[in-house]
Amino acid sequence: MSQESKRSHSDIPIYQRLRFKLIVFFLIPALCIIALGVVSYQKASNAIIASYETSASQTMNMTNQYLTLAINTVRSTYKSYLNEDEVTKYFQGIYDTDTALRTNTNKTYAKELNSSVNTDDLVSNIYLISDSVPSITTTSTQTEMLYSLFTDTPEGALAKGDKYNYYLLGNQSSVNEALGTDSSRYALRLVRGFNKGTGLMIIDISKNAVVDTLSSIDTGEGGYTAFITSDGTELYPDGTSSVSDTIFTETEFYQAALASEEETGEKYVEWQGETYLFLYSLLPFNNAMICTLIPRSTIITQVSGIQTLTILIVIIAILIASLLGSFMSRHINKNIYLIFHQLQKISDGDLTDQLNVKAKDEFKLLAEGVNGMILSMKDLITNITAASNALTHSAQQVSSSAETFVETSKDIQNAISDIESGASHLDTNSADCMSQMDTLSSKIQDVTTGTEEISALTDSTGASIEEGITSMQNLTESAKKTSEMTMNVISAIEVLSEKSRSIGQIIESIDNIAEETNLLSLNASIEAARAGEGGRGFAVVAEQIRKLAEQSSDSTGQIQHIIDDIIYNTEEVVQIARETSATVSSQEKAMQHTASSFHDMDTQIKALMTSLSNITQNVGNMEEARNATLNAVESISSVSAQTAAGSSNVYRTATAQQEAITTLEDAADNLHAKAEELSALLKQFTI
């Protein structure tokens, strides 16, 4: 087993562990929730701020409309005094010649104005002033020349000589005392010149009506609201007013609003180091304007509750994601390392344990697949072990048969050598007989002696032939046994070949299981890919399964290589054995031919003995006997030559058989070594 496959849990860095990755992956949605919360908060904040801005702007416009309506009501109510004939005549001096009429007109309109003021909540006092005639007022002032006193002030100068426009002025006037009033009695002063004559109509608008209206604008803590009149006086919701110590009139944003063609507007401005929302609304009275400064912090306060709720939800989401990631990672790690340790045992060859996973999810399917693989490998290795044992036994039988075959071939070779030696001796004796027959005519006196010698030699030859026949019979039986042993060897080798092919089929089963294991690894890799980074644990299991499949495939490849060598050597042994069988068959035929020759020799020797008997009995027929003897000797010489040639052929055949048997023995030894190598490979597994 490689060092890499023996890595433990502690060898994996924390940032590469599945638990760390799962927690990080679970925190990613939490971060998305944070982003969603931030975006939602921002959008809600912007929406609330926009709504607040719209509401404030609408409030400003409504306040403007209310004040405009109130002022227009006052203007419409008292506008008639500028056009009434009696009032016009009074201020033009037409009644100056009639003192009683002038005084009566003054009192009548003064009484009428007082009555209107008493019933009108919007008006506190009304002044019709002129220098040429006594002014008509609702106060008890007796000051003369009120027109000149008023128009000499900055605010009065605005309305001087303008008979067509109304001016809204503040309550900070130096002529208040002359008019018989003070700044606490009114908020605004509406001024316009007479249509005819020299004079002004001054209407003091009640402070309560204006202050109550301005108070309806909620600027929050630190905010400011002011009604700015045509003369630059700022009137505040608390009823105070100022001309010198102002908030708005000296600022750039107020001047920009005053110069703008828009009647209403809003924008964020920087003032005294803080950000404010500046809103303005212009009234139709010569630069009269309502202005508001609302601190941005006050507006943001409206969304602080959403911010708090968003932060709380984000914190809860992070905690839940962390807990879920930790729980899932603990569950996955437990099952992964359980399967990993079991696969390590399998890769070490230990197939005794079964994988027990309590989970009911995909890990259960994976555990069942591993257990099925273990059972299949057990059956496979058991079958291979049995086949290996059978192969070893067959190899031993082949080796034993080869040794017996070698010893038998050596015996055959020795016997053939003896036959060849006897045939050579017989050939020599035949030559001697021929020489003696050549000298028979000249040595007729030695016929009897020669006849006795021939008789003795014939007896010896007959005995030798009988021994040769016996040896040939033994040799034939040995050849038959050799042929039978060769056929047994061929049968054993064919059985061995079938066993080898059976092992090849088992190897194909191993390859199929390895392919199925690879498929299982591929499926696990696909599931891991689907699971994304969370499925890296599946990738570890798939990698271990793939390595196991590769090891199985490598082992089956080695076994297949061994089986191929065995089959190849077995086929060579079968071929050699068949060649040996053919050689033995050829040898058996040669033996039969030799035996037939020996029988012929025996018959001829018997005939020779009959001839010698006739020669002994009838010396007169010596010449004929000599010729018959010569013919017989020639036959013996021919048969002897044939026997020698046959023996030589048989010897060569036996030598070739010896070489084939040696090759067969080497093949048997190689087969035995391969069987032992296969057995050693199978011992790596523990079933």
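The values are calculated or read from the model by the stated rules, or taken from the named source; none is laboratory data. Predicted model, so just to flag it, every value in this text is computed and none were measured. Because the Cβ atoms are built from the backbone with ideal geometry, glycine has one as well, and the counts that use them run over all protein chains shown. When the accessible area is computed, the model is the full protein with side chains, heavy atoms only, and any ligands, DNA or RNA have been set aside. Shrake-Rupley method; radii C 1.70, N 1.55, O 1.52, S 1.80 Å.
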Would you kindly compute the Cα radius of gyration of the range 109-218 and its largest Cα-Cα separation (Dmax), both in Å? 13.6, 48
Over the range 155-281, what is the relative contact order in percent, taking alpha-carbon pairs closer than 8 angstrom and at least six residues apart? 18 percent
Relative to the Cα centre, what is the charge dipole magnitude of the range 114-219, using +1 at the beta carbon of each Lys and Arg, -1 at the beta carbon of each Asp and Glu, and rounding to the nearest 20 debye? 320 debye
Round to a whole angstrom and tell me the spacing of the C-alpha centers of the range 26-91 and the range 224-239. 17 Å
How long is the gain from Gln42 to Thr470 if the chain were fully straight, where each residue apart is worth 0.36 nm and the alpha carbon distance is subtracted? 141.8 nm
Karplus-derived HN-Hα couplings along the range 285-292 (A = 6.51, B = -1.76, C = 1.60, θ = phi - 60°), whole Hz, x at Gly and Pro: 9, 6, 6, 6, 8, 9, 10, 9
Test of understanding: what is the full-extension gain from Thr352 to Ile49, defined as 0.36 nm times their sequence separation minus their Cα-Cα distance? 101.8 nm
Using the Kirkwood radius over Cα pairs of the range 45-137, the Stokes-Einstein translational diffusion coefficient at 25 °C and 0.890 mPa s, in µm²/s and rounded to a whole number, is 153 µm²/s
Amide hydrogen neighbours beyond the local backbone of Ser135, cut-off 5 Å, H modeled: Ser130
From most to least accessible, 1.4 Å probe, no ligand or DNA/RNA atoms counted, Ser173, Ser613 line up as Ser613, Ser173
FRET efficiency for Thr103 and Asn72, using Cβ-Cβ distance with R0 set to 45 Å, rounded to 0.05: 0.85
Pairs from Lys21/Lys345; Lys163/Lys207; Lys480/Lys683; Lys334/Lys674; Lys345/Lys674; Lys43/Lys207 whose Cα-Cα separation, in the structure shown, is over 32 Å: Lys480/Lys683; Lys334/Lys674; Lys43/Lys207
Over the range 231-356, what is the relative contact order in percent, taking alpha-carbon pairs closer than 8 angstrom and at least six residues apart? 10 percent
Modelling each spin label as a point 7 Å along the Cα-to-Cβ direction, I'd like the Lys196/Ser421 distance in nm, to one decimal. 18.5 nm
Most to least accessible of Lys480, Lys207, Lys589 (protein chains only, probe 1.4 Å): Lys589, Lys480, Lys207
Ranking by accessible area, most exposed first, for Ile306, Ile14 with a 1.4 Å probe: Ile14, Ile306
Go ahead and run the numbers for FRET between Ser80 and Asn118, Cβ-Cβ distance against an R0 of 25 Å, rounding to 0.05. 0.85
